[in-house]
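Accompanying notes for the structure given below.
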Amino acid sequence: MEVLVFGAGSLGSLVGGLLARSHDVTLVGREPHVAAIRDSGLRVSGAVEATTHPEATTDGEGHEADLALVTVKSFDTATAAEALATGTIDTVLSLQNGLTEETLADRLPDATVLAGTATYGADLLAPGHVACTGVGRVVLGALSGGTDPAAERAGWTFRAGGVETLVATDMPRRRWEKLAVNAGINAVTALARVENGALAEGPAHEIARRATRETARVARSEGVALSNRRTSGAVERVIDATADNRSSTLQDVDAGRRTEVEAIFGEVVARAERASRENHVAVSVPTVRTLADLLRAWEVGRGVREE
Ligand code: KPL
């Protein structure tokens with residue numbers, strides 16, 4: 001199988017490094033990571049140990065692949081899709097935060113776009129070296145649910161590369177559940193500057209719970225069966241399983257980088273507003289809205305966003 005990993009950050013490098021044990025993998029990333037991989041290969045350490053020699057390039061255009069994994073930050077999705085459109089890709093799988101698959105599907109009409117989630121822990125330690133900080137699972141499947149031969153093939157590709165994988169038939173609900181978990185954890189940990197485990201109790205726990213439930217409410221307004229019980233259980237489980245992790249938004253804030261506020265919180269607010277307009281019933285998301293505004297204010301203050 002020819003696999004293209006578009007976005008050689010921590011998760012993309014980890015998954016690319018694991019898959020390169022069994023497939024022809026090309027990583028599209030930035031310097032100096034790309035040069036280090038070309039010179040000495042890609043080292044994975046920690047919970048999994050491997051050194052592989054995938055192709056690595058900074059040029060995302062004109063690639064041919066059976067499967068392209070999109071692992072760029074959500075705000076780079078449109079750019080990634082436009083680059084992928086210059087090549088020939090059969091199947092595209094997003095392993096990103098936010099509901100980015102629609103952006104990919106709009107721009108890649110000839111490819112099958114799958115939805116996916118990944119709970120592997122990854123940390124880019126140095127150019128050419130990624131740590132696997134936790135063996136999790138990739139869950140993937142058809143964007144609108146049900147079965148799809150492309151999902152079965154992608155599942156086989158991951159398993160052959162030694163990646164724990166589930167091919168699921170209920171991705172619409174799972175991607176909203178993931179969004180609800182991110183809405184609960186990411187902004188609160190970033191603004192309070194705490195690790196995920198700090199949300200297990202106390203005032204931050206209540207804010208996380210409210211943001212999670214509001215996101216589930218928006219999912220239901222779009223006809224996705226996602227109960228409060230299910231999402232609350234999911235966020236508790238992720239807080240517990242990733243207690244020592246710093247959320248991706250906390251990492252962005254610590255590094256003074258732009259965050260994924262729009263893909264997570266902006267998206268929930270926009271969809272709540274649309275549902276309220278179309279259904280003439282208020283779908284209210286006050287906690288998510290407040291968290292979005294606080295993160296935006298932080299971005300403006302840091303000069304990584306224009307007012
Ligand atoms: O996806 C995550 C993130 O940090 O973006 C969670 C699930 C919250 C784990 O840290």
Determine, for Lys73, Lys178, the number of other Cβ atoms within 10 Å of each Cβ, and report the residues in order from fewest to most. Lys73, Lys178
Separation between Cα centres of segment 1-44 and segment 66-104, rounded to whole Å: 16 Å
Counting DSSP beta bridges with both ends in the chain, the antiparallel % (nearest 5): 30 percent
Using a Förster distance of 25 Å, how high is the FRET efficiency between Val300 and Asp76, based on the Cβ-Cβ distance and rounded to 0.05? 0.80
Among segment 112-129, those whose backbone N falls under 20 Å of a label point 7 Å along Cα→Cβ from Val135 are 117-124
Could you check which residue among Ala122, Ala255, Ala198 shows the biggest mean-square fluctuation in a GNM of the chain with a 10 Å Cα cutoff? Ala255
Loop GluC sites (Glu not before Pro), segment 20-110, which have at most 15 other Cβ atoms in a 10 Å radius of their Cβ (DSSP): Glu49, Glu61
Give a quick list of GluC sites (Glu not before Pro) in segment 140-184 that DSSP marks as loop, anything other than H, G, I, E or B, with at most 15 other Cβ atoms within 10 Å. Glu164
Under a crude label model (7 Å from the Cα following the beta-carbon direction), how far is Ser45 from Arg257 in nanometres? 2.1 nm
List the residues, sorted by chain then number, that are 5 or more residues from Val92 or on another chain and whose placed amide H is less than 5 Å from its amide H. Ala68, Thr112, Val113, Leu114
In whole Hz, the Karplus estimates of ³J(HN,Hα) for segment 131-143 (6.51, -1.76, 1.60; θ = phi - 60°; x where Gly or Pro) are 9, 8, 8, x, 7, x, 8, 9, 10, 9, x, 5, 4
For His129, other-chain or 5+-apart residues with amide H closer than 5 Å (H placed, Pro excluded) are Arg43
Quick one: which residues, 5+ away or cross-chain, put their amide H under 5 Å from the amide H of Gly46? H built at 1.01 Å from N. Cys132
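Each reported figure results from applying straightforward, stated rules to the coordinates on display, with no laboratory input. Source: prediction; values computed, not measured. Positions of Cβ are backbone-derived with ideal geometry, glycine not excepted, and every protein chain shown enters the neighbour counts.
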